[in-house]
Amino acid sequence: MTVSIETLSERAGAVAAAVARHANEFVALRRDIHRHPELAFQERRTSELVAARLADWGFEVTRGLGGTGVVGTLKRGEGPRSLGLRADMDALPIAETTGLPYASIREGVMHACGHDGHTAILLAAARQLAEAGDFRGTLNVIFQPAEEIGAGARRMLDDGLLERFPCDAIFGLHNWPGLAAGRLAFVPGPAMASVDQAHVTVRGKGGHGAEPQDTIDPIVVAAHIVTALQTIVSRNVDPLDMAVVTVGSIHGGSASNIIPESVEMKLTARAFRPQARKLLEERIPALVRAQAESFGAVADVRYRLGFPPVVNHAAETELARLTALETFGETRVEESFPPRTASEDFAFFLDARPGSFLFLGNGDSCSLHNSGYDFNDESLAPAAVYWALLAESFLS
């Protein structure tokens, strides 16, 4: 496979040439990981593969952080600064339909979000930095488990990630279908939404469908709740802000002529700003209970906080953007990229340390979490070059 990388600076050209020499190896590695996907906290084969290669290249390797996480540490000189670069490793419980030669061999499990690509990118950058990195300081490459269930980042932090491996800043990336392959996008401030969930049980009084006057119909109550919930966004959230309230699941009843005793509902709530997130946390349970009470029903609400919005720090995001411009020029940098309403547990790292989460084009591919999705290998080498040069820029 031939990889073409357009660069501007002399240093960028040298790094690009070095990465290109090993590009096919990392494409093959990415496809091997794709072929052997592993779910959250089960990434044993992947983490061993990562750890073995980091050790071969001279990194000090720590296994088992946060369950199956791996951290590789590389020190050069006496530089005081330290940097973290993070990739996620887990797959999804989705049956692959791509028909590719390297498609998943594990039934019902596939890399439908590109974490195989993220892992291969960071490994390629790690090799380049180990062999020819021009920096002074400490580099921590962080391979995280369980991003898909929003638990891996917290687990690593709870295991003392940032105490054991101090980072003055931390960066991560995610591929994005629809953005040109290899193109980079940067979003200062809120970049991805928070995600929280509510499980609602509406309890009424069941009975015969022919005699509704003797019942308290929880299905009717649930229908009014769904409609009323949308007023939180339209009438409580600042029109200049963003929030999403989605009822994704309703279950109740078993026959057309029987009014059930209860209905179960599941909701997701998303926001870009902590203030809007707090408002959703307060208003959703209050509105659900009041709406149920107005019909004589009772609503039990279990509201579970997921993870906060991804809020990029200004200085680190600008450094990341300028590094991309110096490396590739304007042709590979997307200057107008809106925040995403999807969520990422990288948010926990950015709550703990300065940093930035950026987006890497995956071209005209299937959407994320789609059974036909595949990471675009044309993005691998440019992203590895970028990680290597960002590390050198931060640690120089």
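Measuring between their Cα centroids, segment 327-388 and segment 149-227 lie 20 Å from each other.
Rolling a 1.4 Å probe across the protein heavy atoms gives the chain an accessible surface of 41 Å² per residue.
Note on segment 140-195: with charges restricted to the Cβ of Lys and Arg (+1) and Asp and Glu (-1), its dipole about the Cα centre is near 180 debye. First select every other residue whose beta carbon is under 13 angstrom from the beta carbon of N24; then total the charges, Lys and Arg +1, Asp and Glu -1. Taking every other residue near N24 into account, the sum is -1. Ordering L92, H369, F349 by the projection of their Cα atoms onto the charge dipole of the chain, which places +1 on the Cβ of Lys and Arg and -1 on the Cβ of Asp and Glu, puts F349 at the extreme positive end.
Estimated at 0.36 nm per residue, the fully extended path between A352 and L322 surpasses their Cα-Cα distance by 8.4 nm.
A simple spin-label model places the labels of E282 and C366 4.3 nm from each other, with each point 7 Å out along Cα-to-Cβ. In this structure, R235 and I149 have a Cβ-Cβ separation that, at R0 = 41 Å, corresponds to a calculated FRET efficiency of about 0.80.
Considering only V301, H115, F165, and ranking their Cα positions along the charge dipole of the chain that arises from unit charges at the beta-carbon of Lys, Arg, Asp and Glu, the one farthest toward the positive end is F165.
The sum of -39500 (n - 2.57) across all DSSP H runs of n ≥ 4, divided by the residue count of the chain, sets its helix-only mean residue ellipticity at 222 nm to -11000 deg cm²/dmol.
Only lysines eight or more places from K266 in sequence, or on another chain, were considered; those with a Cα closer than 30 Å are K205, K278. At full extension, A210 and A95 could sit 37.0 nm farther apart than now, given 0.36 nm per residue minus the alpha carbon distance. Its Cα centre serving as origin, the chain has a Cβ charge dipole (Lys and Arg +1, Asp and Glu -1) of approximately 420 debye.
Peptides 312-325, 378-391, ordered by how many other C-beta atoms sit within 10 Å of their residues on average, highest first, read 378-391, 312-325. Mean separation of Cα pairs under 8 Å and 6 or more residues apart, divided by the residue count, gives segment 293-375 a relative contact order of 36 percent.
Apolar share of the accessible surface for the chain: 50 percent from carbon plus sulfur atoms, 1.4 Å probe.
Put simply, the C-alpha atoms of segment 249-335 give a gyration tensor, and the ellipsoid matching it has half-axes of 47, 17, 9 Å, longest first. Rolling a 1.4 Å probe over the protein chains gives F295 an accessible area of about 80 Å².
Only protein heavy atoms count here; on that basis, with a 1.4 Å probe, K205 has an accessible area of about 110 Å².
In terms of its C-alpha gyration tensor, segment 160-279 comes out prolate, because a/c is 1.5 or above and the ratio a/b outweighs b/c. For the chain, the relative contact order comes to 25 percent (Cα pairs under 8 Å, sequence separation of at least 6). Rounded, prolate or oblate for segment 137-206? Axes are the square roots of the Cα gyration tensor eigenvalues, ordered a ≥ b ≥ c, and the cut-off for rounded is a/c under 1.5. Note, shape of segment 137-206 comes out oblate. Mean silhouette area of the chain, derived from the convex hull of its C-alpha atoms and averaged over all directions, reads 20.8 nm².
The values are calculated or read from the model by the stated rules, or taken from the named source; none is laboratory data. In this text, all values refer to a predicted model and were calculated from it rather than measured experimentally. Neighbour counts run over all protein chains shown; Cβ positions are idealised from the backbone, glycine included. Surface areas here come from the heavy atoms of the whole protein model, side chains and all, with no ligands, DNA or RNA. Shrake-Rupley method; radii C 1.70, N 1.55, O 1.52, S 1.80 Å.
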